[in-house]
Protein chains: 2
Amino acid sequence: MPEINQNYNLLQKSYLFTDIAHKVAAYKKANPDHRVISLGIGDVTKPLVPAVIEALHAAVDEMGTAEHFHGYGPEQGYSFLREAVVREYMARGVSIAPDEVFIGDGAKSDIGNFQELLSADAVVAITDPVYPVYVDSNVMAGRAGAPLAGGGFERLVYLPCVRENNFVPDFPAKAPDIVYICSPNNPTGTVLDRDALTAWVRYARKHNCLILFDAAYEAFITDKDIPHSIYEIEGAQDVAVEFRSYSKLAGFTGLRCSATMVPHSLKVGDGRGGRVELNGLWNRRQCTKYNGCPYIVQRAAQAVHSKVGKSQVMKQVAGYLENAKALREGMAALGLEVYGGVNAPYIWVRTPNGMDSWGLFDHLLTKAQLVCTPGAGFGKSGEGYVRLTAFGTPEDTAEAIERLKGLSL
Amino acid sequence: MPEINQNYNLLQKSYLFTDIAHKVAAYKKANPDHRVISLGIGDVTKPLVPAVIEALHAAVDEMGTAEHFHGYGPEQGYSFLREAVVREYMARGVSIAPDEVFIGDGAKSDIGNFQELLSADAVVAITDPVYPVYVDSNVMAGRAGAPLAGGGFERLVYLPCVRENNFVPDFPAKAPDIVYICSPNNPTGTVLDRDALTAWVRYARKHNCLILFDAAYEAFITDKDIPHSIYEIEGAQDVAVEFRSYSKLAGFTGLRCSATMVPHSLKVGDGRGGRVELNGLWNRRQCTKYNGCPYIVQRAAQAVHSKVGKSQVMKQVAGYLENAKALREGMAALGLEVYGGVNAPYIWVRTPNGMDSWGLFDHLLTKAQLVCTPGAGFGKSGEGYVRLTAFGTPEDTAEAIERLKGLSL
């Protein structure tokens, strides 16, 4: 009889959003007249922009004619999109080749799958709090070790990001093989500046450490001095893979497209005393277990890079950032400590008076009918904070702020 | 320094289609006036049908309005599509629940990823010749063992499918944990009848063996007595996962959509002495490393299940089957032994006079400017055969047959 991959037995049940949904449902049932506003989930609310819709319609029409129909595409993505990504980097002074760009169906898939290329005994470091996919994909691969009684996993190295270190992860005592860094950060909404990124690139080069850099929220960077890509730091192409997404940039959460950069200069141990490019391994993985992003979706993504498309999506991003600003100010006016939300769509709010994160969740739900995400759900160091998202509609966000005004804490 | 997953070092370079491309390019360069017709690759040539195009345009329009926009969808697929798949099964007398149906971005991804759920020491059996993804995904997971000098892998169990056994795999001496079965078969174009499938289901039940059943080509079954689904065999839901695809049914090779069925009654060892449903594990895998098939693509797939959509796609399938018939007859008229192509889009031709499969490839290319796929590329038991596909245009297929008429072998 086949047995399962026993690493799946080590996974912790992901109760966070289920627990939230149950609590919200119970509240709604008990209070049918109250309208609950969700600032909890990280999904966008603005529709696809006209340039994208136009590109989709045109591509769909192509697919309906024998002459312009597109069947199997390259697993790595069409040249027209890989080259558009290259030009995006060039505009920031970063030189990357089209065959170092891999188009995928989302940063979640790409980040979740990328760890497959690495040995099962590699030591993995993650920031804490953290996007759960980094943890769970490594648990499934047997890289995390046993779950610990107090939460977390035995073999993972946790890098706390808290107000005491300005949400910049300190270097671990012993260098890990792999480190996941997300900036602008989910969930804290904070960002690594040029100095912090430079220090991490130097550290990785010195200690032969691979950085898996999640740049899914780079479009929300407003500060001119903050790098949008880790490749803006010299030497980063030797140590870092970068993951980009169209989800939050252009509202592609339901359309699915991503770009993952694997520079040729990035080499790791081949297990036989030599070094090998991860580029070739990722290419082989994608050719074996993936069949390419839909042609019509790649045409839609190409439109995001056009002059008119970019102007349209950046207006949406600016709208979300206005929500973020209003939420920051609303929470601060309550006397709360607020982080993030300037270069990111997430606002990270410290709970008052030693309240725990589920306590503030309950308070906001019952007193203001607002749903947030308790920080404890993102890891131990998330306790004492809650996450708000700026992805609501402007109307809901404005009403949420009105409700906050009357709140006592 | 991180080291790679060393199983990647065991992968055999996939030269088949590269070698073919090089040979064809060299021939074209030397013979610029000759028009080469490809019956080699398995990609469709007919465009998406009108019902699908209409559904895509409508869904794209929804995505352009705030009111009807769809962001993150369920990782498992939308209910409207899962339920459409359920009704498709019901029409064949098979009862399956919507939460046993998982919508994916292609059978290649689903089949490639599914093995992750199983232990690394599981013994895997594959038919030979075989679709390379079954092999390579298991090599990457460390399940195949070392490559053998004569081709193949140490720990894989090969089940030859040759004319001597009517292309029906015999049961292995020792029961494997997992067996991949593809019917209608790629590359042989042959099909397992009800008796053969029943025998395999019984064998799997008796020996606690998991069947991964690839039904990607079921739409091409013309014989009324051949099951379209392994679940038409009693008891199969306790032992089999079934993979379906919209690629060859509806020309979705460039649109990407699949359905994978994981019945709740299918349980395997949990590594702790108990049994566990694979359904929950696959759900967890997909929720961690996948973010759902695009909404617009799922609406397109739903249209394939509509009355008008189905009638349109089945006309295309019938067209491809006419190509298959013509190719069968054309090859048979040359005195060649021909298999498949009746319930499948592939024709499996035995090479004459002990010629090897690359020999016939060269002969067809240089004497008739036709490209086929040498059977040896699909495994040891593929030697002595070549594969032709019925997915060309009717015009190219007709011309190919004309050219065959003048061919001496």
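The values are calculated or read from the model by the stated rules, or taken from the named source; none is laboratory data. Quick caveat: nothing in here was measured; it's all calculated off a predicted structure. Every residue, glycine among them, receives a Cβ derived from its backbone with ideal geometry; neighbour counts consider all protein chains shown. All accessible areas refer to the heavy atoms of the entire protein, side chains included, with ligands and DNA or RNA removed. Shrake-Rupley method; radii C 1.70, N 1.55, O 1.52, S 1.80 Å.
Which of the numbered conditions does A:Q6 fail, given that it passes all the others? Conditions: (1) within 28 Å of the chain's Cα centre (by Cα); (2) more than 27 Å from B:G73 (Cα to Cα); (3) away from chain B (no Cβ under 12 Å).
Answer for A:Q6: the failing condition is (3).
Could you check how many residues of region B:93-107 are open to solvent by 40 Å² or more (accessible area, probe 1.4 Å), touching a residue at least 24 places away in the same chain (Cβ under 8 Å) and either touching a His at 6+ places or on another chain (Cβ under 6 Å) or among the small types (G, A, S) (or both)?
Restricting attention to region B:93-107, the residues satisfying the condition of being open to solvent by 40 Å² or more (accessible area, probe 1.4 Å) are B:93, B:95, B:98-99.
Now restrict to residues that are touching a residue at least 24 places away in the same chain (Cβ under 8 Å): B:93, B:99.
Adding the requirement that they be either touching a His at 6+ places or on another chain (Cβ under 6 Å) or among the small types (G, A, S) (or both) leaves B:93.
Residues that pass the stated criteria total 1.
Does region B:352-409 hold any residues that are surrounded by 23 or more Cβ atoms within 10 Å (Cβ to Cβ), β-branched (V, I, T) and part of a helix (DSSP H, G or I), and which are they?
Correct list: B:T397 only.
Does B:Y78 satisfy the criteria of being crowded, with 21+ Cβ neighbours inside 10 Å and within 14 Å of chain A (Cβ to nearest Cβ)? Quick ask: steps written out before the conclusion?
Values: crowded, with 21+ Cβ neighbours inside 10 Å: no; within 14 Å of chain A (Cβ to nearest Cβ): yes.
No; evaluated as a whole, the condition is false for this residue.
Which of the residues that make up region A:108-122 are more than 7 Å from every other protein chain (Cβ to nearest Cβ) and either part of a helix (DSSP H, G or I) or touching a residue at least 60 places away in the same chain (Cβ under 8 Å) (or both)?
A:D110, A:I111, A:F114, A:Q115
Identify, from the list B:L266, B:L281, the residue that is within 10 Å of another protein chain (Cβ to nearest Cβ) and either open to solvent by 10 Å² or more (accessible area, probe 1.4 Å) or not charged (D, E, K, R) (or both).
Numbers: B:L266 fails: within 10 Å of another protein chain (Cβ to nearest Cβ).
Of B:L266, B:L281, the one residue that is within 10 Å of another protein chain (Cβ to nearest Cβ) and either open to solvent by 10 Å² or more (accessible area, probe 1.4 Å) or not charged (D, E, K, R) (or both) is B:L281.
Which one of these is of a type in the set (D, E, K, R), within 8 Å of another protein chain (Cβ to nearest Cβ) and either buried (at least 24 other Cβ atoms within 10 Å of the Cβ) or in contact (Cβ under 8 Å) with a residue 12 or more places away in the chain (or both): A:R256, A:R244? Spell out the reasoning first.
Details: A:R244 fails: within 8 Å of another protein chain (Cβ to nearest Cβ).
After applying the criteria, what remains is A:R256.
Could you figure out which of (1) more than 7 Å from chain B (Cβ to nearest Cβ); (2) crowded, with 24+ Cβ neighbours inside 10 Å isn't true of A:A125?
Here A:A125 meets the rest and fails (2).
Can you find even one residue in region B:18-30 that is open to solvent by 60 Å² or more (accessible area, probe 1.4 Å), within 14 Å of chain A (Cβ to nearest Cβ), touching a helix residue (DSSP H, G or I) at 6+ places or on another chain (Cβ under 7 Å) and not aliphatic (A, V, I, L, M)?
No, because not a single residue in region B:18-30 is open to solvent by 60 Å² or more (accessible area, probe 1.4 Å), within 14 Å of chain A (Cβ to nearest Cβ), touching a helix residue (DSSP H, G or I) at 6+ places or on another chain (Cβ under 7 Å) and not aliphatic (A, V, I, L, M).
Restricting to region A:128-159, name every residue that is part of a strand (DSSP E or B), open to solvent by 10 Å² or more (accessible area, probe 1.4 Å) and in contact with an Asp or Glu (Cβ under 7 Å, 6 or more places away or on another chain).
Listed by number, the list holds a single entry, A:Y158.
Can you tell me which residue within region A:269-278, out of those that are facing chain B (nearest Cβ under 8 Å) and either farther than 14 Å from A:D110 by Cα or basic (K, R) (or both), is least open to solvent (accessible area, probe 1.4 Å)? I'd like the intermediate steps shown before the answer.
Start the filter on region A:269-278 by keeping residues that are facing chain B (nearest Cβ under 8 Å), which leaves A:269-272, A:276, A:278.
From the residues that got through so far, the ones that are either farther than 14 Å from A:D110 by Cα or basic (K, R) (or both) too are A:269-272, A:276.
Numbers: A:G269: 0, A:D270: 24, A:G271: 28, A:R272: 160, A:V276: 38 Å².
Restricting to residues being facing chain B (nearest Cβ under 8 Å) and either farther than 14 Å from A:D110 by Cα or basic (K, R) (or both), the top hit is A:G269.
Please go through region A:54-65 and give me each residue that is open to solvent by 50 Å² or more (accessible area, probe 1.4 Å) and aliphatic (A, V, I, L, M), ordered by number.
Matches in region A:54-65: A:A58 only.
Scan B:I178, B:I226 and give me the residue that is within 20 Å of the chain's Cα centre (by Cα), surrounded by fewer than 22 Cβ atoms within 10 Å (Cβ to Cβ) and among the aliphatic types (A, V, I, L, M).
Working: B:I178 fails: surrounded by fewer than 22 Cβ atoms within 10 Å (Cβ to Cβ).
Every option except B:I226 fails the conditions.
Within region B:31-53, how many residues are surrounded by fewer than 16 Cβ atoms within 10 Å (Cβ to Cβ) and touching a Leu at 6+ places or on another chain (Cβ under 7 Å)?
Residues flagged as surrounded by fewer than 16 Cβ atoms within 10 Å (Cβ to Cβ) and touching a Leu at 6+ places or on another chain (Cβ under 7 Å) within region B:31-53 amount to 0.
Residues being aromatic (F, W, Y) and touching a Leu at 6+ places or on another chain (Cβ under 7 Å): count how many of those fall in region B:15-30. Spell out how you get there, then give the answer.
In the first step, residues of region B:15-30 are kept if they are aromatic (F, W, Y); the result is B:15, B:17, B:27.
Next, from what is left, pick out any that are touching a Leu at 6+ places or on another chain (Cβ under 7 Å): B:27.
Counting residues in region B:15-30 that are aromatic (F, W, Y) and touching a Leu at 6+ places or on another chain (Cβ under 7 Å) gives 1.
Which one of the conditions (1) within 14 Å of chain A (Cβ to nearest Cβ); (2) touching a Leu at 6+ places or on another chain (Cβ under 7 Å) does B:Q12 fail to meet, given that it meets all the rest?
Of (1) within 14 Å of chain A (Cβ to nearest Cβ); (2) touching a Leu at 6+ places or on another chain (Cβ under 7 Å), only one is false for B:Q12: (2).
Have a look at B:G340, B:G335, B:G354 and point out the one that is at pLDDT 95 or above and not hydroxyl-bearing (S, T, Y). Let's see the steps before the verdict.
Values: B:G335 fails: at pLDDT 95 or above; B:G354 fails: at pLDDT 95 or above.
Within the list B:G340, B:G335, B:G354, the selection yields B:G340.
Which of the residues that make up region A:295-322 are open to solvent by less than 10 Å² (accessible area, probe 1.4 Å) and either free of Cβ contacts under 8 Å to residues at least 12 places away in the same chain or not aromatic (F, W, Y) (or both)? Show your work before the answer.
Residues of region A:295-322 that are open to solvent by less than 10 Å² (accessible area, probe 1.4 Å), as a first pass: A:295-298, A:300-301, A:304, A:309, A:313, A:317, A:320.
Correct list: A:I296, A:V297, A:Q298, A:A300, A:A301, A:V304, A:G309, A:V313, A:V317.
When you scan region B:324-363, how many residues do you find that are within 19 Å of the chain's Cα centre (by Cα) and of a type outside the set (A, V, I, L, M, F, W, C)?
6
Can you find even one residue in region A:66-75 that is over 28 Å from B:T45 (Cβ atoms) and either more than 13 Å from chain B (Cβ to nearest Cβ) or buried (at least 18 other Cβ atoms within 10 Å of the Cβ) (or both)? Don't jump to the end; show me each part of the working.
Step one: list which residues in region A:66-75 are over 28 Å from B:T45 (Cβ atoms), which gives none.
No, because not a single residue in region A:66-75 is over 28 Å from B:T45 (Cβ atoms) and either more than 13 Å from chain B (Cβ to nearest Cβ) or buried (at least 18 other Cβ atoms within 10 Å of the Cβ) (or both).
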